[in-house]
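Each remark here refers to the structure printed beneath this line.
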Amino acid sequence: MGRYDWDAVRQAAQAVLAFDPENGDALDLLTGAERALGDSGLPATNQRLVSTPDVKPPATASQPTSFADGRYQVQRFLGEGGKKKVYLAHDATLDREVAFALIKTEGLDDASRTRIQREAQAMGRLGSHPHIVTVFDLGQEQDQPYMVTELMGGGDVEGLIGDAGGHRLSLKQAIGIAVETCRGLEFAHSRGIVHRDLKPGNVWLTSDGIAKIGDFGLAVALDRSRLTTEGMMVGTVSYMPPEQAMGGEVTPRSDLYSLGAMLYEMVTGRAPFLGDDSVAIIGQHINTPPVAPAWHNSECPRQLEALILRLLAKDPSERPESASDVLAALEALDLQDVGAGLKPAPTHGEEHSLDSLAGGVFVGRQREMGDLKACLEDALSGRGRLATLVGEPGIGKTRTAQELATYAGLRGARVLWGRSYEEQGVPPYWPWVQAIRSYVRESDPEQLSSEMGAGSADIAEVVSDVRDRLPGLPPAPKLEPEQARFRLFDSITAFLKTASQRQPLVLVLDDLHWADQPSLMLLQFVARELGGARLLIIGTYRDMELSRQHPLAEALGELTRERLFQRVLLRGLAQEDVGRFIEMAAGVTPPSALVTSVHTQTEGNPLFVTEVVRLLVQEGELSSAKVRETDSWNVRIPEGVREVIGRRLNRLSQRCNETLTTASILGREFTLDQLKPLSEDTSEDRLFEILEEALAARVIEELPQSVGRYQFTHALIQETLAQELSTTRKVRLHARIAEALEELYGADAESHAAELAHHFGEAVTVTGSNKLVQYAMLAGERALDGYAHQEALAHFQGALDTKEGQPIDAETASILFGLGRSQAAALPRYQIDRAVASLNRAFDYYAEVGDLPLAVAVAEYPLPTFAGQRIGVAELIARALDLVQPDSHEAGRLLSEYARILAIEEGNYEGAQSAFAQALVIARREQDATLELRTLTHATYVDTWYLQWQEARSRTSQAIELSGRAGDLRAEAQVRSYAGLVRTLLSDSEGARHHAEAALEVAERLRDHTWLVFALWSNETLCRLQGDWQAAREFSGRGLAVAPREPRILGFRTLLEYEVGDFAAGETHLEGLLEAMRLSSPGPTMESLLPAITIPLVNRITGVGERSEAAQSAAEASLSSGSVLPLGAQAARAGLALLAVERKDVEMATLQYSPLQSIRGIMVMGAINGDRLLGLLSQTMGDLNRASTHFDDAVASCRNAGYRPELAWSCCDYADMLQDRNGDGDRAKAMALLDESLAISSELGMRPLMERVLSRRDILRA
């Protein structure tokens, strides 16, 4: 049997069950096959009968043997849906196979029963038609109606769509089915019968592919939701005509609407309207025009698209008059017109609203707009999306986004805009601030408060307008930078998701290539949380600006690996689109020579085209007379767009150009108040006139809802003006601007520190370094307060660069302290030594001058701890301890932290225990419950790394007892997390669950980044070990949203996906894990230990030995390191042990067996049962009796803990060993173990293990 030959398994099992319904092996095989295929229990596609598509698996209980006094002999039960039970029966009277449908009438009143009978009789009166499923018989079986129909061997159209690539049928097949369906409708309508529930699931196919309509009128009669209230006619919502949704008259044209919806889906692969619930979809049928099919399938011919959109008209009178008319239109279609859909025909009333409603000329981009509109439809349906518009400068990214924004507004969405700018003085999160600010200003305070909830204070820290709209907000809590930033991100994400439930949101983030690092980090965070939100984020950026090291490139790389966004690439306009642009802009039909010339010279770049055409219009070259007189066109295009823009600028007055040049140094965006002091010789009225001149020329534009604020209409215009200046003049302008802005801002200059630091930095040769340092330090501190660590790093580094070569003074030490804090938060783990170096230099200065408080403050700054890696933190705290009294309260706090670092980073367990003891003495003397709690918590962490399981368990109990009176949420989150982890590894699942859930509850209240990740990992580990894949995925997904490179979550998510056979998803997460390892420093860290054990486990699941060398290298490198801790050594050895088993390497297995005796009775790293691993090693070594003992212990331990996936694997491995040993009773015991393994793996959907077990059972039975 091939690895995925599950369809054959299912068919064989069904064949056996047809004769022996109680056959246990067949039931096991059928269950396994259905899970492996992701099947709900339907008969195979080629065996589907006239039945509802949502039938359930065949029941094993006793079933009827015949109906109608023995005429219909039941051969087998086919399935059960919401409306009927369907049996395969033999008509003894006419000697033929039929489908016998027993209609469900439970809960219906007499009127409903009468309606059923009337509808069924009406369908029976239809008679025979080649495109309507034939009804052979109608009757009653014990007061229950039944219907006997012909068998259909080709399944239904719903299944056909589901199986098609992209869920889209070929145009020929779709039109063919529509033609045959239409003929059936034509026949039925001619006899006064309206189907009322036409949909793909009610159109069936013969084995030859001929379409026939089934369930005529039956669904309406039987769907109780449509019968309970007078006038309530609610059909299958994806295909329901508006009049039926509103309880109006249902006519033959109602069936035509449903046919249009069905045809739409066959052609595009999606229903016309999507939504989370029936109400949302019904509302769109009533109010919303459908997206033209060609947006989803560019091959849809114009005539077919026009027909579909007519069929989907809201007003029945605007639809075709009859099925005959539709049939004629379908048969007249010319498939040679494929591709004409690239220019979709507008629906009634949409010619202006969808094609060019956004102001200005917009041509082409049908395919790109189709992609964006599909993303929008997903977002409107509650499946949030992120898409990026990518291309060179001037290619039309912003304009395309504007067109989508217009369309989104028509679809009922609210559009928010945020833009990034090149200037370094822009505050952190600026594009997000702009977008949220516009929402805040237009929102009712009560509504805004409800949507922002508890996060309003956090958001107000970066969007000051929130505090204006919601006065009285408390200040945001003071947290460590990493935790505070996570809290801000979480608050913004929760706000956007909540707001989008009230009204769908489209958030456009323009020019992301200039975005600050915090904005990009926030984008990554929100992107991972889009599921369930009615939110579409559109980002635009220039791909030519991105190097591999560019922050946006790194951010997009992360999102690409996680498949979290869609990239839409914009190229130049086609020649025909350039011609249409000229026609729309100039109002004349341009000669082909002109179109060719413009297109050739501009290569279709919309900005170039726009500027050239505008210039031609302004110079009168495109007047009707001029166009008629000119035979040949030689458009003079400058070498680059700057010359085109320059020629536009030359039309402005000299004074206007001078003013705009000054404004270009201010930035893309500027204000009148900023310009005034820089134009001292110009009156305010004259300045207004100059700006009006620029506005009229569309060189600049006023920002909406911002009096006196302007921006250049395109970044290239600003760049052109700025680059025309010499370096000397540019520096002097920056100096003037810096001094003028400082005076303008006055006492509020600190709020504009980043902007002032930028200008003083550009003018440092003129203004000196003092102002630069002053404002850079202020800007750095403000950035740290706003969790903008990358921006803070840039400001502090810039300030420090000006101090190069000078002796350290108090100002330099302050810069170093800020730099160290920024580096600790912003740099990756493998660069943490830079932060330590900066802090050490600051500490050295404060210690030397005797500034004890600041010296201690530097030493106390929390730095991350890395197991087995020495980064100098221990030495820093040791030096700080020398500055305080040995028995002081301060010493106790330092010792508690010092002990943890001493054990984890330095490997000094005895020294750590001594420091812990001193800290505990001080804590109890001072009656400081918080310090005692923290010390016990740190000691538990150390015990875990040193394999002191019982001591760790005891200390967590003591600490948890203290937590009630200590009132330290952070310490409680830590100790609860450790308590859950220790109990999980000791196979105490009940105790583990209690503490893991408590840890998560505390961490969520605390909103602490580090401990939220740890708590999520602990819960994910326990759920995965118990086989609760859905819960494990949810915890894992939340963890990755917070920490996308967390090795523990990546490693365990990898194992989960491979366990259930989703190798593609597993590979994605494994690549993420390996990337995290590559980016970390070599050594026994989690980044190396997790691959060392994960890769061999993946290989055991798949049976393919990939990446074994990488796992071995990681394990051996960890073991050879002088800083490896016992837990790390255990994990590395477990990885090598698994490799020994994989390779059947006796020597290697023997080498690892003795050192791994400590894993008895525990789950190694939460990944594999220790006794199972020892059993595999013993088997590899040839000691099968010892292996049997280990496997017995593994099975008992996993069964007692409820670790079902690991139990299934232990049973399978144990059976393998017994087969090798082949002693008395081994064969029978092996079969029993395999039965248990198959039962568990089938129930949990562990496809690779199911295959493994089935192959072994075949061998044992051979």
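The values are calculated or read from the model by the stated rules, or taken from the named source; none is laboratory data. No experiment lies behind these values; they were computed from the predicted model shown. FYI the Cβ positions are ideal-geometry reconstructions off the backbone, even for glycines, and counts take in every protein chain you see.
Here are a few things to note about the model shown:
- Residue that is surrounded by the fewest Cβ atoms within 10 Å (Cβ to Cβ), among those in the range 317-332 that are under 45 Å from the mean Cα position of the chain (by Cα) and of a type outside the set (A, V, I, L, M): 317
- Residue 1140 closer than 20 Å to residue 981 by Cα and of a type outside the set (S, T, N, Q): no
- Positions within the range 1144-1192 being of a type in the set (A, V, I, L, M, F, W, C) and closer than 18 Å to residue 1230 by Cβ, in sequence order: 1176, 1184, 1187, 1191
- Some residue of the range 1161-1174 being surrounded by fewer than 20 Cβ atoms within 10 Å (Cβ to Cβ) and at pLDDT below 95: yes
- Of all residues in the range 146-162 being within 16 Å of residue 98 (Cα to Cα) and not hydroxyl-bearing (Ser, Thr, Tyr), the one that is modelled with the lowest pLDDT: 153
- Lone unmet requirement of (1) over 37 Å from the mean Cα position of the chain (by Cα); (2) closer than 30 Å to residue 1132 by Cβ; (3) in contact (Cβ under 8 Å) with a residue 40 or more places away in the chain for residue 878: (3)
- All of 971, 996, 966 fail the test of being hydrophobic (A, V, I, L, M, F, W, C), closer than 30 Å to residue 1199 by Cβ and out of contact with any Phe, Trp or Tyr (no Cβ under 9 Å at 6 or more places or on another chain), apart from 996.
- Close pairs from the range 551-572: first under 26 Å from residue 1065 (Cβ atoms), partner assigned to a loop (DSSP other than H, G, I, E, B) and of a type in the set (Ser, Thr, Tyr), Cβ under 9 Å, at least 6 apart: 553/547
- Looking across the range 1229-1245, the residues that are within 13 Å of residue 1205 (Cβ to Cβ) and of a type in the set (Gly, Ala, Ser) come down to 1237, 1239, 1241, 1242, 1245.
- Selection from the range 1050-1064 of residues that are of a type in the set (Asp, Glu) and under 14 Å from residue 1209 (Cα atoms): 1059
- In the range 766-780, the residues that are closer than 12 Å to residue 814 by Cα reach residues that are not in a helix (DSSP H, G or I) with C-beta atoms within less than 9 angstrom, at least six apart or across chains, in these pairs: 773/803.
- All positions within the range 1035-1076 that are touching a helix residue (DSSP H, G or I) at 6+ places or on another chain (Cβ under 8 Å) and not in a helix (DSSP H, G or I): 1043, 1044, 1045, 1046, 1060, 1061
- Against the numbered list (1) in a loop (DSSP other than H, G, I, E, B); (2) closer than 30 Å to residue 1126 by Cα; (3) out of contact with any Asp or Glu (no Cβ under 7 Å at 6 or more places or on another chain), residue 885 comes up short only at (2).
- Extreme residue, farthest from the chain's Cα centre (by Cα), among residues of the range 407-424 that are surrounded by fewer than 20 Cβ atoms within 10 Å (Cβ to Cβ), farther than 11 Å from residue 504 by Cβ and modelled with pLDDT of 75 or more: 422
- Any hit, the range 717-728, residues being under 18 Å from residue 611 (Cβ atoms), crowded, with 19+ Cβ neighbours inside 10 Å, under 38 Å from the mean Cα position of the chain (by Cα) and not charged (D, E, K, R): yes
- Whether a residue is under 14 Å from residue 897 (Cα atoms), in a helix (DSSP H, G or I), modelled with pLDDT under 95 and hydrophobic (A, V, I, L, M, F, W, C) was assessed, and residue 931 passes this test.
- Just one of the listed residues (1113, 1154) is without any contact (Cβ under 8 Å) to a residue 24 or more places away in the chain, out of contact with any Cys (no Cβ under 7 Å at 6 or more places or on another chain), among the hydroxyl-bearing types (Ser, Thr, Tyr) and more than 19 Å from residue 1087 (Cα to Cα), and it is 1154.
Condition check ((1) at pLDDT below 90; (2) of a type outside the set (Lys, Arg); (3) closer than 20 Å to residue 433 by Cα) across all residues:
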residue: 739; (1), (2), (3): no, yes, no
residue: 742; (1), (2), (3): no, yes, no
residue: 786; (1), (2), (3): yes, yes, yes
residue: 796; (1), (2), (3): no, yes, no
residue: 802; (1), (2), (3): no, yes, no
residue: 813; (1), (2), (3): no, yes, no
residue: 823; (1), (2), (3): yes, yes, no
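- Of the numbered criteria (1) more than 38 Å from the chain's Cα centre (by Cα); (2) surrounded by 17 or more Cβ atoms within 10 Å (Cβ to Cβ); (3) free of Cβ contacts under 8 Å to residues at least 24 places away in the same chain, the one residue 962 fails is (3).
- Tally of residues being over 14 Å from residue 838 (Cβ atoms), outside any loop (DSSP other than H, G, I, E, B) and touching a His at 6+ places or on another chain (Cβ under 7 Å) across the range 756-802: 6
Yes/no per residue for (1) touching a residue at least 24 places away in the same chain (Cβ under 8 Å); (2) surrounded by 21 or more Cβ atoms within 10 Å (Cβ to Cβ); (3) among the small types (Gly, Ala, Ser):
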| position | (1), (2), (3) |
| --- | --- |
| 1020 | yes, yes, no |
| 1025 | yes, yes, no |
| 1028 | no, no, no |
| 1046 | yes, yes, no |
| 1054 | yes, yes, no |
| 1057 | no, yes, no |
| 1070 | yes, yes, no |
| 1076 | yes, yes, yes |
